[in-house]
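J.: Sharing a structure with you now.
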Amino acid sequence: MIAVLALAGVTASFMQTILIPIQGELPHLLGASREDAAWVITITLLVSAICTPISGKLGDMYGKRRVALVLLGLLVAGSTVAALSPSVVPLIVGRGLQGLGMGVIPLGISILRDTLPEERLGGATALVSATLGVGGALGLPLSAFVTERADWHMLFWAAAAMGATVLVLVATCVPESDVRTGGRIDVVGVVGLAIGLACLLLAISRGGDWGWTSPLTLGLLLGGAAVLLVWGFLELRIHDPLVDLRVSARGPVLMTNLASVAMGFALFSSSVAFPQLLELPEVAGGLGLPLLQASMMLMPSGIAMLVMSPVAGRLETVFGPKPLLIAGSSIIAIGYTAAVLLDLHAWHILVINVLIGVGIGLGYAAMPNLIMGAVPASETGAANGLNTLMRALGTASASAVIAAVLTASSVRVGDAVAPSPGGFQMAFIFGFIAAVVCTVLAVFIPAPRPDDSELPAH
């Protein structure tokens, strides 16, 4: 069961990076404008971020395994649509359906809490939680390999095959949890959260293209914030809300979610900067590696996350989840310190990326257990979904901020424009700051009260 849920998480997170190797070629491949082609990447981010808290709540209400099977079915359908897509519009539809699969990760963590004995829970949770980063790190070289040797549609046939395999395995190997809350769907909560998050994430992910001070970007930012404020006001007055804000406001939950945003930012800062630095021609200050070789240099971070999962489970049994989060974010900060101070060569980046992978493995192992120790068993799906959303907000923010930093620093090299060494330095400094912020927040996470996990949501 643990292995199947981990494979489901890797499959879902793989969809986030499946097109990264050919992102720059998409306008040509699809016969579309750069603006339209960008939606192929953006839509998956939007749908996955919105889906995770909603699917978590639905899992609490109707059965976590049942909802996970529905999401995996939609992922397979989306992969098939994308594999058959001749143009940009059906590809966007398929990519949106693929994004729904991300909800499998918080559901898997909640299934583990409901079904495993206490002594097995720490390591298993660490493994499934780490798949948020593992899928992307391991998927990047696989995507690069396929796109260099076959038509890009093969990526989606491979994704459909992975999704179908996991769907069958979950149906046969994962038991249904008996912990359910029942109730009715909070339609107001679903619609309000979807609109508010869509506005904010659109502004964050596309602000670099539209201009950060453009009326559209500012309108989406302010409009999204206003919608979420009204949504929060209404959620506090609904008997069975989509997200129980009273539970989310508990000290351990709130501080862990804020630390999750910072750690997500720290993770993705390197994911944006390192590939560009590795592939940039030497004459422009880069390392001049081909795509596949550059991807292979980044893959060990995903392996480090996997390797750290059982280690994190044992460490958590001894020290608890909070020291694990502090240690993980501190290790990431050390990695970024080296990136800022060293004259980077390929092996430096390999070692630094492994350090970041170790830190992420520890931090992502700690977060679900910090959350689950402070919420009732009936709320674990929604609470883990919200925590996954917080990590997604961090990665989305890092993608926008680091891309803007590198673009602003760009200089002309021959006939091309490329980020300057100073831009990469600033990107690493931002990653370092995010890791330090995560460490400070982790230090101040209060211990849950003994009865927090038993208290009813209201």
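The values are calculated or read from the model by the stated rules, or taken from the named source; none is laboratory data. All values reported here derive from a predicted model rather than from experimental measurement. Glycine gets a Cβ as well: all are built from the backbone with ideal geometry, and neighbour counts include every protein chain shown. With ligands, DNA and RNA removed, areas are computed over all heavy atoms of the protein, side chains included. Shrake-Rupley method; radii C 1.70, N 1.55, O 1.52, S 1.80 Å.
J.: On C-alpha positions alone, give me the angle between the axis of helix 104-115 and the longest principal axis of the chain, in degrees, nearest 10.
T.: That works out to roughly 30 degrees.
J.: How would you rank 136-143, 155-162, highest first, on the average number of other Cβ atoms within 10 Å across their residues?
T.: Answer by packing, highest mean first, reads 136-143, 155-162.
J.: Same structure again: Which far-off residues, 5 or more places away or on another chain, put their amide H under 5 Å from the one on residue 411, with H placed in the peptide plane?
T.: HN-HN under 5 Å from residue 411: 418, 420.
J.: Heavy atoms only, probe 1.4 Å: what % of the accessible area of the chain goes to carbon and sulfur, would you let me know?
T.: Values: 12550 of 17640 Å².
Result for the chain: 71 percent of the exposed heavy-atom area is carbon or sulfur.
J.: Another one. Mind ordering 216-228, 423-435 by average Cβ neighbours within 10 Å, highest first?
T.: 423-435, 216-228
J.: Let me ask something additional. Okay, helix-only estimate at 222 nm for the chain: each DSSP H run of n ≥ 4 adds -39500 (n - 2.57), divide by all residues, round to 500 deg cm²/dmol; what do you get?
T.: Mean residue ellipticity, 222 nm, calculated: -26500 deg cm²/dmol.
J.: Averaging sequence separations of C-alpha pairs under 8 Å and six or more residues apart, then dividing by the length of the chain, give the relative contact order as a whole percent.
T.: Once divided by the residue count of the chain, the mean separation gives 23 percent.
J.: Using the Karplus curve 6.51 cos²θ - 1.76 cosθ + 1.60 with θ = phi - 60°, work out ³J(HN,Hα) for each residue of region 30-45 in order, rounded to whole Hz, and write x for Gly and Pro.
T.: Working through the residues one at a time gives 9, x, 10, 6, 4, 4, 5, 5, 4, 5, 4, 7, 5, 5, 5, 4 Hz.
J.: Taking 0.36 nm per residue of sequence separation and subtracting the Cα-Cα distance, how much length would be gained by fully extending the chain between residue 222 and residue 346, in nm to one decimal?
T.: Length gained between residue 222 and residue 346: 40.4 nm.
J.: Here's something else I'd like to know. If R₀ is 30 angstrom, what is the calculated FRET efficiency for the pair residue 407 and residue 165, using the beta carbon separation as r and rounding to 0.05?
T.: 0.15
J.: Follow-up question, since we're still on this one. Determine the equivalent ellipsoid of the chain by diagonalising the alpha-carbon gyration tensor, then write out the semi-axes as square roots of 5 times the eigenvalues, largest first, rounded to whole Å.
T.: 32, 25, 22
J.: Using the Cβ atoms and a cut-off under 14 Å, what net charge is assigned to the surroundings of residue 367, where Lys and Arg are +1 and Asp and Glu are -1?
T.: Net local charge, residue 367 excluded: +2.
J.: I'd like the orientation of helix 215-235 relative to the chain: the angle between its Cα long axis and the longest Cα principal axis, in ° from 0 to 90, rounded to 10.
T.: For 215-235 against the chain, the angle is about 10 degrees.
J.: Based on the mean of other beta carbon atoms within 10 Å per residue, what is the order of 376-387, 11-22, most packed first?
T.: Answer by packing, highest mean first, reads 376-387, 11-22.
J.: Quote the FRET efficiency, to the nearest 0.05, computed for residue 84 versus residue 173 with a Förster distance R0 of 30 Å and r equal to the Cβ-Cβ distance. Working shown, then result.
T.: Numbers: r = 30 Å, r/R0 = 0.99.
For residue 84 and residue 173, the calculated efficiency is 0.50.
J.: With r defined as the distance between the Cβ atoms of residue 93 and residue 245 and R0 fixed at 35 Å, what FRET efficiency is calculated, to the nearest 0.05?
T.: 0.60
J.: Moving on. I need the P(r) histogram for region 1-122: all alpha carbon pairs, bin width 10 Å from 0 out to the longest distance, whole percents.
T.: 14, 41, 27, 13, 4, 0
J.: Work through the residues other than residue 103 whose Cβ is under 15 Å from its Cβ and net out their charges, Lys, Arg +1 and Asp, Glu -1. Don't jump to the answer; show the numbers that get you there.
T.: Details: positive: 57, 64, 65, 66, 391; negative: 60.
That works out to +4.
J.: Note down the nm distance, to one decimal, between modelled labels 7 Å out along Cα→Cβ at residue 209 and at residue 1.
T.: 4.3 nm
J.: Testing the spin-label approximation: label points 7 Å from Cα along Cα→Cβ at residue 187 and residue 282. State their distance in nm.
T.: Taking the two extended label points, one gets 6.5 nm.
J.: Taking only protein heavy atoms and a 1.4 Å probe, what accessible area per residue, in Å², does the chain have with all protein chains in place?
T.: 39 Å²
J.: Within the chain, what's the longest stretch lacking trypsin sites (Lys or Arg not before Pro) that sit in DSSP loops with no more than 13 other Cβ atoms inside 10 Å?
T.: Longest stretch, sites excluded: 238-458.
J.: If you add up the charges near residue 292, with Lys and Arg at +1 and Asp and Glu at -1, over every other residue whose beta carbon is less than 13 angstrom from its beta carbon, what do you get?
T.: Computed value for this residue: -1.
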